[in-house]
Amino acid sequence: MSTAVQQDVRGYAAIALINPKDGYNVGGTMRSVGCFGADLVMLEGKRANGLLRHSTDTMNAWKHIPVQWTQDVFETMPYACVPVAVDLVPDAIPSPGFVHPERACYIFGAEDATLGAKYLDRCKYRLVLPTRQCLNLSVAVACTLLDRVTKRGVPFDPAVFAR
Amino acid sequence: MAGLQGVQVRTHVYRRRGGEIDYLYPENVRLVSPAVVLCGVRQPETMAGVVRVCASFGVPDVVYTGSSFDKAVDDPRNSPYPPFHMPANAAHISIYGYDDPLALVPEGYTAVAIQTDVPAPDLATFEQPHDPVYFFGSERDPVPTRLLKECEHVVSLPGLHDHTLPVAVGMILYDRYLKRFHKVEPL
């Protein structure tokens, strides 16, 4: 079995964090997002307030990537962006066989909770990283973005990375 | 593998598994591939993060050098680092402490160093070996030169900045999973 490789560098990747557990998670995730140069980060949920500027975000990624607090990620999502839920749910597509949309918003739940039907039902795709146990949020975000750039067939280039 | 020259090493390998510690002779330790080696890891919290990632990807053995982790586990009150919690799934991982990790790499295994400070092939173009042992630096320092020159491959991770150690370990293990088991070809 061979996975198709997308050859274009168009589009973008956005990341949405739903009710993240703590600042350690958000800071680490922001650092991963900053390393991959994603285009937008959205935060939703009561616990998300005040978690952004954490010591684990050593590169202060919030200064370089637009971050948006929102009451509803689906309302804030850019036009024609495809929501992709990344969660450990039974009917999700394992990431190795997943073809990434050109314009994707990857939605991650908290480490201590699942996304739930409120989000899963509104997402076009459900994606799962095939690991034995759940990953740390920053590792899950990094693996998802690594999967995206690997399959798009583009060697590392800071100018177009993660697009 | 050659031993260290001029570096004081522990006479025994410390093996921690499920809250118990064993002291083994190096010749009695046989790592199981894929294994992860952390050279000089400082923060025990980083170690806990790496162990969690390794457990998720089914990596059975983690090796560390240096004494920071030993101090944090054996004498937490006097440790300069904040309290940390080993993940529950660490019970299934063997954590080896030894200062000459190359002596623990079995014959036929391939040592791969993950470096960001030297020119190295990008992960996207890297062909994953069959039985790898991955060598990582610490939070601040790269893989020591004496170990780097013994590694068969050197690879760099994609990214605009340095990744945290657990994220770096997760990326290389995920890349191995994609390329070995799902035939995603290197570029």
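The values are calculated or read from the model by the stated rules, or taken from the named source; none is laboratory data. Since we're looking at a predicted model, the values are computed, not measured. Counting neighbours? That spans all protein chains shown, and the Cβs are built from the backbone with ideal geometry, glycine included. Calculation scope for accessible area: heavy atoms of the full protein, side chains included, ligands and nucleic acids excluded. Shrake-Rupley method; radii C 1.70, N 1.55, O 1.52, S 1.80 Å.
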| Chains A and B: how much accessible area gets covered up at their contact, both sides added, probe 1.4 Å, in Å² to the nearest hundred? | 2800
| message | Just want the answer: with Cβ charges of +1 for Lys and Arg and -1 for Asp and Glu, which residue in A:Thr70, A:Val89, A:Cys143 is farthest toward the dipole's positive end in the protein assembly as shown? | response | A:Thr70
| message | What aspartates and glutamates does A:Lys21 reach when the alpha-carbon gap must be under 13 Å and sequence neighbours fewer than 8 apart in one chain are set aside? | response | A:Glu44, A:Glu111, A:Asp112
| the range B:129-148-the range B:160-175 distance, computed between alpha-carbon centres (Å) | 13
| field | Test item: Cα-centred dipole of the protein assembly as shown, Lys/Arg +1 and Asp/Glu -1 on Cβ, debye | value | 600
| request: Give me the percent of the accessible area of the protein assembly as shown that comes from carbon and sulfur atoms, probe 1.4 Å, all protein chains in place. | output: 50
| task | Taking amide H positions as placed in the peptide plane 1.01 Å from N, state which residues far from A:Ala16 in sequence (5 or more) or on other chains have amide H under 5 Å from it. | result | A:Met42, A:Tyr106, A:Ile107, A:Phe108
| remark: Per the 1/(1 + (r/R0)^6) rule, R0 = 35 Å and r from the Cβ atoms of A:Trp69 and B:Leu160, FRET efficiency to 0.05 is 0.90
| request: Could you tell me which of the pairs A:Lys63/A:Lys124; A:Lys124/A:Lys151; A:Lys46/A:Lys124 are separated by over 22 angstrom between their Cα atoms in the structure shown? | output: A:Lys63/A:Lys124; A:Lys46/A:Lys124
| query | How far apart, in nm, are the 7 Å Cα→Cβ label points at A:Arg122 and B:Thr116? | reply | 3.5
| request: Please get the size of the charge dipole for the range B:81-171, origin at its Cα centre, with Cβ charges of +1 on Lys and Arg and -1 on Asp and Glu, quoted in debye to the nearest 20. | output: 200
| task | Over chain A, calculate the relative contact order: mean separation of alpha carbon pairs under 8 Å at least 6 apart, over the residue count, as a percent. | result | 33
| message | What FRET efficiency comes out for B:Leu24 versus A:Val99 if R0 is 35 angstrom and r is the Cβ-Cβ distance? Round to the nearest 0.05. | response | 0.15
| query | Based on DSSP H runs of at least 4 residues, each adding -39500 (n - 2.57), what is the mean residue ellipticity at 222 nm of the protein assembly as shown after dividing by all its residues, to the nearest 500 deg cm²/dmol? | reply | -6500 deg cm²/dmol
| Lys, Arg +1 and Asp, Glu -1 on Cβ, resulting dipole of the range A:50-144 about Cα centre, debye, nearest 20 | 160
| field | Heavy-atom surface of the protein assembly as shown, accessible at 1.4 Å and reported per residue (Å²) | value | 45
| said: Using +1 at the C-beta of Lys and Arg and -1 at the C-beta of Asp and Glu, which of B:Ser94, B:Ser138, B:Leu104 has the Cα lying farthest in the positive direction of the dipole of the range B:93-187? | reply: B:Ser94
| query | Hey, what angle do you get for helix B:44-56 against the long axis of chain B, alpha-carbon based, 0 to 90 degrees rounded to 10? | reply | 50
| Integer Hz, Karplus 6.51/-1.76/1.60 couplings in order for the range A:64-74, x for Gly and Pro | 10, 10, x, 10, 10, 7, 8, 8, 8, 4, 6
| note | Simple SL model, points at 7 angstrom along Cα→Cβ for A:Tyr79 and B:Glu150; separation in nm is 6.0
| field | Surface/4 of the Cα convex hull for the protein assembly as shown, nm² | value | 17.5
